[in-house]
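Following this message is one structure expressed as structure tokens.
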Amino acid sequence: MKKPTFLERLTGSVNVDTYDEVLDSDEYHAEAPHQDMAEDFPEESEWHGNHAPNDSEPQEGELPVDMYQTGEDVVIRALIAGVSPNDLDISITRDMVTIKGAREEDQEAADDDYYHRELFWGSFSRTLLLPEEVIIDEADAQEKHGLLEIRLPKVDKNRSTKLSVKSHAQNK
């Protein structure tokens, strides 16, 4: 008798009596009485490493950021520990910021010797749409203890100036 799938058991689309018969049968217990559940799940490296499942090419990570505003600036903060500030590529337009970089891993242990692998290694990027226009020539970026802080002065839309008109008419 065919073993019901998890979805069939969860949704109740299988008769409970039939399910009990399968569990009680000698055939079910002979297959794998103490089957290791790890065999049912993909290896941890497929989910937590730099690779997507069934993909041999490294994936680019998305850099987590905080973005907030003060009275004069839009401020972006990101943790870039392990990345040299010289290896960062920050592009700014009046309404968008892109941060790119890479964190290189110095692997001191074999993959099988890890208990947990949660740190991200490899290239990363993040593109943010800014909530307000900024003055790109006055932008400032600083790194301190692995924290990148980008300050982008907002365009003052209330600022105005008087423009004088010059005449090129000749007097005769």
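So how far apart, in nm, are the two label points at ILE135 and THR98 if each is 7 Å from Cα heading toward Cβ?
2.6
A further question on this structure: Amide H of TRP121: which non-local residues (sequence gap of 5 or more, or other chain) have their own amide H closer than 5 Å, using H built in the peptide plane?
none
Multiply the residue separation of TYR68 and ASP113 by 0.36 nm, subtract the distance between their alpha-carbon atoms, and state the gained length in nm to one decimal.
12.1 nm
Quick one: which residues, 5+ away or cross-chain, put their amide H under 5 Å from the amide H of ALA102? H built at 1.01 Å from N.
PHE124
Moving to a separate point now. Can you run phi through the Karplus equation (6.51, -1.76, 1.60; θ = phi - 60°) for segment 130-144 and list ³J(HN,Hα) in whole Hz, with x for Gly and Pro?
Per-residue couplings from phi come out as 7, x, 9, 6, 10, 8, 5, 6, 10, 5, 9, 10, 9, 10, 9 Hz.
Let me ask something additional. Enumerate the amide H contacts of VAL74 below 5 Å, restricted to partners 5 or more residues apart or on another chain; note that Pro and chain-start residues carry no placed amide H.
LEU152, LYS154
Taken together, the values in this text are just the output of simple stated rules run on the coordinates, not laboratory data. Just so it is clear, the model here is predicted, and its values are computed rather than measured. Reconstructed Cβ throughout: ideal geometry from the backbone, glycine too, with neighbour counts over all protein chains shown.
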